[in-house]
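J.: What follows is a single structure, and I will ask about it in a moment.
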Amino acid sequence: MTQGKEMVRVANGQGFWGDSILGAVRLTEEGPLDYLTLDYLAEVTMSIMQKLRSRDPKKGYATDFVALIDRILPRMVEKNIKVIANAGGVNPHACKDAIMAVLKKHGQTGIGVAVVEGDDILGQLDALMATGEEFRNMDTGELLRTVRSQVTSANAYLGAFPIAQALDQGAQIVITGRGTDPGLVLGPLIHEFGWKTSDLDQLAAGTVAGHIVECGVQCTGGNFTDWKSIPNMAMLGYPIIEAHRDGTFVVTKHDGTGGRVDRATVTHQLAYEMGDPARYITPDVIADFTSFELEEIGPDRVRVRGVRGLPATDTYKVSMSYEDGWKSVGQLTVSGPDALAKARLCSEVVWKRLEFDGYTYSPEERLVEYVGAGVCHAGMLPADTPEPAEVVLRLGVKGPDREKVARFGSELVPLVTSGPPGVTGFAGGRPKATEIIGFWPALMDKSKIETRVTLFQS
């Protein structure tokens, strides 16, 4: 725990696994920084990582993180930037080993690398269910036992205090599995300012700060409705939180970078994945998003103050994924006169040929889209909109029978020579049957989860 600082700079350079590596690279180069957070995980990501680990015990984490540390390590050490990342996925120790290898490669010794674990409860599900945990689906109310044999991953959303504990122990790099996205930012603030579980308003403020920056540049002009007004989108500045001990903070970015930080861009991200704005629930606190004020205090500087918090619940949210059947999707480009009519004919041809061979698909099992004819925002185009000169025909099927789903893929490619003229642009090869991953959100008793923090030295 640190008690000296009154202001701490925390930036987020990764909004998801696959985000540009340049965000984090630029943040370490473009200006001062105390902490760099990196958010790699989404619900389906955990299932993907679990599958990777089942094939190779050394996999199951975000490999992009290792490449990033390899690139930014010299500046990270020079500027004493601490890095917190949920890149550990379902195999945080394998991630740690890969990072240690990078440190050794660069000849860096004495750097603390901490692993936070306890979120992965896949191997404990049956024991937890035996103690009375039903893991009811939060959307449907169904009991987990209806799909138990199909579950492929199960991870509790841990809070920010284990991250603070890792920093208290001297870690410069903290690797976690599944936790809350805002917790990546809240953890360093707990460490720096010594906030306790009873400091509800401060914890709520740190949670709001983390929520604002968790998607990277979505709060500095990325994915913004008024996109034409955003300068230099190629070099959007990644967001920085200037946090203070009393819970007030400023959202900003490094000077000279693209994008914009104002009330509109910050509000845009605040409303993202909101739920009940008066009860934004995390393991650490319930934040009231209706309680605070946004104030523009200068160019690219928005101050947030007045955040109120309520006591945390006694449950963790658990994110589970399960095998939910099979799907196969493919597409063709249809061009020239009457492109839409030809695309519709192609769709009819596919279903009739499959029916001739004994395969029928209900409307619920079919996907038919004519991309370019208003499918993305159906009903928004005026009635007199001109016919498109080209259409991407996107067809797909889903269901529990893998063979039936796979059979569909054989009838798309033949349309190039046995359909109407103008069928071109077949991409991606013949569609194959792939697994559908279902999402199962649930709650469980916090007291049944044990978090562990382990520090390693390079």
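Quick note: the coordinates plus some simple rules give every number you see, no bench work behind them. Keep in mind that what you see is a predicted model, and the values were worked out from it rather than measured. No Cβ is skipped: glycine too gets one built from the backbone with ideal geometry, and neighbour counts run over all protein chains shown.
J.: Along the charge dipole of the chain, Cβ charges K/R +1 and D/E -1, which of Gly222, Leu33, Asn80 sits furthest on the positive end?
T.: Farthest along the dipole direction, towards plus: Asn80.
J.: Here's a follow-up. Between the stretch 164-231 and the stretch 86-108, what is the C-alpha centre distance in whole Å?
T.: 22
J.: Let me ask something additional. For the chain, take the convex hull of the Cα atoms, compute a quarter of its surface area, and give me that in nm², please.
T.: 24.8
J.: Go through Lys352/Lys398; Lys105/Lys253; Lys59/Lys404; Lys59/Lys446 and tell me which ones have a Cα-Cα distance over 21 Å in this structure.
T.: Too far apart for the 21 Å limit: Lys105/Lys253; Lys59/Lys404; Lys59/Lys446.
J.: Also: Using the Cα centre of the stretch 392-458 as the reference point, and only Cβ charges (+1 on K/R, -1 on D/E), how large is the resulting charge dipole? Debye, rounded to the nearest 20.
T.: My answer is approximately 20 debye.
J.: Based on the mean of other beta carbon atoms within 10 Å per residue, what is the order of 198-210, 333-345, most packed first?
T.: Put in order of decreasing packing, that is 198-210, 333-345.
J.: Now for a separate question. Considering only Pro414, Trp351, Ile436, whose Cα is most displaced toward the positive end of the charge dipole of the stretch 322-437, charges sitting on Cβ of Lys, Arg (+1) and Asp, Glu (-1)?
T.: It is Pro414.
J.: Something else now. Taking the Cα centre of the chain as origin, sum charge times position over the Cβ atoms of Lys and Arg (+1) and Asp and Glu (-1), and report the length of that vector in debye to the nearest 20.
T.: Charge dipole, the chain, about its Cα centre: 1100 debye, nearest 20.
J.: Quick check on the stretch 67-132: take the gyration tensor over C-alpha atoms, sort the square-rooted eigenvalues as a ≥ b ≥ c, and tell me if it's rounded (a/c under 1.5), prolate or oblate.
T.: It is prolate, given that a/c is not under 1.5 and a/b is the larger ratio.
J.: To the nearest 10 degrees, how steeply does helix 92-105 sit against the main Cα axis of the chain, on a 0 to 90 scale?
T.: So the helix axis and the longest Cα principal axis differ by about 70 degrees.
J.: OK, next. Give the order of Asp246, Asp97 when sorted by the count of other beta carbons within 10 angstrom, beginning with the fewest.
T.: Listing Asp246, Asp97 from fewest to most nearby Cβ atoms yields Asp246, Asp97.
J.: Please sort by residue number the trypsin sites (Lys or Arg not before Pro) in the stretch 93-139 whose DSSP state is loop and whose Cβ has at most 10 other Cβ atoms within 10 Å.
T.: In loop regions of the stretch 93-139 (DSSP not H, G, I, E or B), there are no sparsely surrounded trypsin sites (Lys or Arg not before Pro).
J.: Which whole-number percent is the relative contact order of the chain (Cα, under 8 Å, 6+ apart)?
T.: Once normalised by length, the contact order is 18 percent.
J.: For the stretch 322-437, what log10 I(q)/I(0) values come out of the Debye formula at q = 0.20 1/Å, with one point per alpha carbon and no solvent?
T.: Cα-only, vacuum Debye calculation for the stretch 322-437: -1.07.
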